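Here's the structure we're looking at; comments come further down.
The values are calculated or read from the model by the stated rules, or taken from the named source; none is laboratory data. In this text, all values refer to a predicted model and were calculated from it rather than measured experimentally. We place every Cβ from the backbone using ideal geometry, glycine too, and count neighbours over all the protein chains shown.
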Amino acid sequence: MAEQNVITSMLDDLSNEQPIFTALCIGQNLEQYGKNQSIQWHYFNVSEFLNLPFNRRYDLGFVLFNTAEMMNISDQDKSQLLVKLRDLMAKRIVVVSRLQDEKLLRALGFTQLVDKTTHGCDFALWQFNILTYKHVPDWLNAKFWANPENWNKFRW
């Protein structure tokens, strides 16, 4: 029951940031948690997902690496799954993993949501959001690039 409350409140928070209409889950079917928010869920196991052709982009990808189904997959399959999900299939990703997956998730650009030192469990929560992945630097604006109003005024 506590797990359901945590997932439901997390979905509420994520929906407040950006609306979620479609979501896919890997590792456990989470369709029951999104009924209140009217999220259309699609569940895949690892082999189905890795063979899935790209035909749509989902608002949210939810991966649970700490389930019995996912305990036996290799690090290479985890990496392929996350890269395909990140690059093609989902705008935003939430990953529930074990602490040993930290190096892989950091290498793929995920940020940690739950600090692993605040609890004694083998559990970590990660996210990837393409909109907040890289902050735009100050120098990347029209002021420092080719400005048509300065053409023929200065010699570059």
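None of N152, N55 is at pLDDT 85 or above and out of contact with any helix residue (DSSP H, G or I) (no Cβ under 7 Å at 6 or more places or on another chain) except N55. Report yes if E48 is over 16 Å from the mean Cα position of the chain (by Cα), outside any strand (DSSP E or B), closer than 22 Å to L125 by Cβ and not aliphatic (A, V, I, L, M), otherwise no. No; evaluated as a whole, the condition is false for this residue. Scan segment 27-51 for residues that are more than 22 Å from D12 (Cβ to Cβ) and touching a helix residue (DSSP H, G or I) at 6+ places or on another chain (Cβ under 8 Å) and the total you get is 3. Taken across segment 129-145, residues that are within 22 Å of the chain's Cα centre (by Cα), surrounded by 12 or more Cβ atoms within 10 Å (Cβ to Cβ) and at pLDDT 75 or above do occur, with at least one present. Exactly one residue among L113, L108 is aliphatic (A, V, I, L, M), at pLDDT 90 or above and surrounded by 10 or more Cβ atoms within 10 Å (Cβ to Cβ), and that residue is L108.
So that you can scan it fast, the table gives a plain yes or no per residue for (1) of a type outside the set (D, E); (2) out of contact with any Gly (no Cβ under 8 Å at 6 or more places or on another chain); (3) loosely packed, with under 14 Cβ neighbours inside 10 Å:
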| residue | (1), (2), (3) |
| --- | --- |
| E17 | no, yes, yes |
| I26 | yes, no, no |
| I39 | yes, yes, no |
| D59 | no, yes, no |
| V63 | yes, no, no |
| M70 | yes, no, no |
| L81 | yes, yes, no |
| K84 | yes, yes, no |
